[in-house]
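Values quoted throughout were computed directly from the atomic coordinates according to the rules given, and no laboratory measurement underlies them. Predicted model only: the values in this text are computed from it and were never measured. As a convention, Cβ positions derive from the backbone with ideal geometry for all residues, glycine included, and neighbour counts pool all protein chains shown.
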Amino acid sequence: MNAIAEGLVRPESNSEVQSDTAGVKTPQNQNDARPTREEAEAAVRTLLKWAGDDPTREGLLETPKRVVKSYEEFYSGYHENPAEILAKTFEEVEDYSDMVLLRNIELQSHCEHHMVPIVGRAHIAYVPDGKVVGISKLARVIDVFAKRLQTQETMTAQIVNAINETLNPKGVALIIEAEHQCMSSRGVKKIGVDTITSQFTGVFADPVMEQRFMQRIGRA
């Protein structure tokens with residue numbers, strides 16, 4: 001597979017990386033006419049009927065309530081602000097200026113086309129410019145965007161842009177490897193296929209830094 005198919009191609013410059021966070025619906029800009037919980041549960045009952053089952057039978061009586069509750073967890077990212085998560089930083093780091101890297105971060109999202117799971121892992125790094133953020137916050141930012149209906153390409157760009165815009169680091173690197181159940185459990189039904197997307201900005205546009213990143217995540 002070539003680099004373009006894998007998604008391992010760097011943008012030519014930072015100017016090509018456009019913000020994807022502004023257009024994402026949040027509680028501040030969602031349509032005010034959000035359905036009620038009761039309406040959402042009724043919609044689940046309709047889908048159960050459409051699938052050919054009886055939502056009034058014992059095993060399905062509580063299913064609409066459970067589905068709506070699970071949606072609150074699956075899509076909790078719509079109600080979180082990555083800028084707030086990254087707001088707390090630390091400058092007392094003894095002039096540390098090299099890569100900060102987290103690898104093998106578990107990632108669970110849902111495909112916006114079929115609403116089925118995307119399951120995989122993320123590897124992320126940044127080079128601080130005078131301030132660092134708590135490492136758990138990087139994992140939380142990944143979850144903010146994963147816990148929304150997504151395409152992997154969009155999610156990759158959104159995560160990198162959020163870190164760039166909030167921390168203003170010298171560079172950010174991100175690779176996501178994930179299996180899409182819209183491909184493994186339906187359609188072509190190809191199990192075990194990973195989709196790989198990446199974004200490299202700032203100092204990580206330097207092939208030397210990119211190579212260091214790839215070595216540290218065991219992909220060189």
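Some points to look at:
- Only lysines eight or more places from LYS170 in sequence, or on another chain, were considered; those with a Cα closer than 25 Å are LYS88, LYS131, LYS137.
- Set of segment 182-199 residues, backbone N closer than 13 Å to the point 7 Å along the Cα-Cβ line of ASN168: none
- Residue-count net charge about GLU80 - beta-carbon cut-off 9 Å; Lys, Arg +1, Asp, Glu -1: 0
- The lysines whose alpha-carbon is closer than 26 Å to the alpha-carbon of LYS65, local same-chain residues fewer than 8 away aside, are LYS25, LYS49, LYS147.
- Listed peptides 197-207, 46-56 appear in the order 197-207, 46-56 once ranked by packing, highest mean of other Cβ atoms within 10 Å at the front.
- Local electrostatic count at ILE118 - Lys and Arg +1, Asp and Glu -1, tallied over other residues with Cβ under 14 Å: -3
- Here HIS113 and GLU92 are evaluated by their C-beta separation; at R0 = 45 Å the FRET efficiency comes out at 0.45.
- Taken along the Cα-to-beta-carbon direction at a fixed 7 Å, the label points for LEU47 and LYS190 span 2.7 nm.
- Here the relative contact order of the chain, from alpha carbon pairs under 8 Å that lie six or more residues apart, stands at 24 percent.
- Helix 135-146 and the long axis of the chain differ in direction by around 40°, with both axes built from C-alpha atoms.
- The Cβ shell under 13 Å around ILE105 holds other residues with a net charge of +1, Lys and Arg each +1, Asp and Glu each -1.
- Listed peptides 84-93, 108-117 by packing density, highest first (mean Cβ within 10 Å): 108-117, 84-93
- The modelled label-to-label distance for the pair SER76/ALA205, using points 7 Å beyond Cα in the direction of Cβ, is 3.7 nm.
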